[in-house]
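To start, the structure under review is shown below, and the notes come after it.
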Amino acid sequence: MTQSSLPTRDALIEAGLALLIEGGPEGLTLRRAAARAGVSHAAPAHHFKGLPGLHTAIASRAFALFTEAMLRRLAAAGDSPFARLLAICEGYLDFARDSAGLFHVMFACPDLDDQDPALIAESARAYGVLREGCLPFSGSRPDPVLEGLVWSSVHGYALLGPSISDEAPFSAVLARILPQGA
């Protein structure tokens, strides 16, 4: 399905995703999204409450893509719990590196509607992947402290980017947090 054959709301979201991937956060405006989607510059007003509404819809879609990136790496992982959690974290890092504009909207955009049902559902689904990966290290019960430690480590690592990854691969960081033999 081409962008022009998508419903207008979806075409605007897809256009916004593409603009963020290509140009980062500065690349997205309502006018640019409308032009990219092939609709009138007034069309976004009929589907979103300004740029914050479009940001929220894009963040929801981005969380779905983020989850897919983690699950893709997980599907190719070994059987050990450490290898599986590392794969989830590597999917996280892949997404942050390859989709920096989307990553920014998901985690640093101040105008997201944190009460949006789609955003809540997609972000919870993404967090659920991380939680599942941590369960073998917490007696198969959710452990918010362990999850927070892993999440903040991988997220910080994603923000630091290439400046640290050459000297200390994330596997070394995770090995300091959790036993590899598990």
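The values are calculated or read from the model by the stated rules, or taken from the named source; none is laboratory data. Remember, it's a predicted structure, so these values are computed and weren't measured experimentally. Here Cβ is always computed from backbone atoms with ideal geometry, including for glycine, and neighbour counts include all displayed protein chains. Heavy atoms of the whole protein, side chains included, go into the accessibility calculation; ligands, DNA and RNA do not. Shrake-Rupley method; radii C 1.70, N 1.55, O 1.52, S 1.80 Å.
Annotations for the structure displayed:
- Segment 69-167, dipole about Cα centre (Lys/Arg Cβ +1, Asp/Glu Cβ -1), debye to the nearest 20: 340 debye
- Volume of the convex hull of the chain (Cα atoms only), normalised per residue: 123 Å³.
- Here is what passes the span test in the chain: the DSSP H helices with alpha carbon length of 20 Å or more along the helix axis and a Kyte-Doolittle mean of -0.5 or above are 8-23, 50-75, 81-98, 117-134, 144-160.
- Estimated at 0.36 nm per residue, the fully extended path between ALA108 and ALA124 surpasses their Cα-Cα distance by 4.1 nm.
- Label point at ILE177 placed 7 Å out along Cα→Cβ; residues across segment 139-155 whose backbone nitrogen lies under 15 Å: 143-155
- Carbon/sulfur fraction of accessible area - the chain, other protein chains in place, 1.4 Å, %: 56 percent
- If only the Cβ of Lys and Arg carry +1 and only the Cβ of Asp and Glu carry -1, the dipole of the chain around its Cα centre is close to 220 debye.
- Each Lys or Arg adds one and each Asp or Glu subtracts one; over the other residues with Cβ under 15 Å from the Cβ of ALA43, this totals +3.
- Here the label points at LEU51 and ARG141, each 7 Å from Cα along the C-beta direction, are separated by 4.7 nm in the simple model.
- Taking a ≥ b ≥ c as the square roots of the eigenvalues of the alpha carbon gyration tensor, segment 78-180 is oblate, as a/c is not under 1.5 and a/b does not beat b/c.
- Modelled spin-label separation between GLU26 and SER40, with each label point placed 7 Å from Cα along the Cα-to-Cβ direction: 3.2 nm.
- Estimated from the Cβ-Cβ distance and a Förster radius of 30 angstrom, the FRET efficiency linking LEU71 and GLN115 is about 0.70.
- Cα gyration tensor shape of segment 1-97, rounded if a/c is under 1.5, else prolate or oblate by comparing a/b with b/c: prolate
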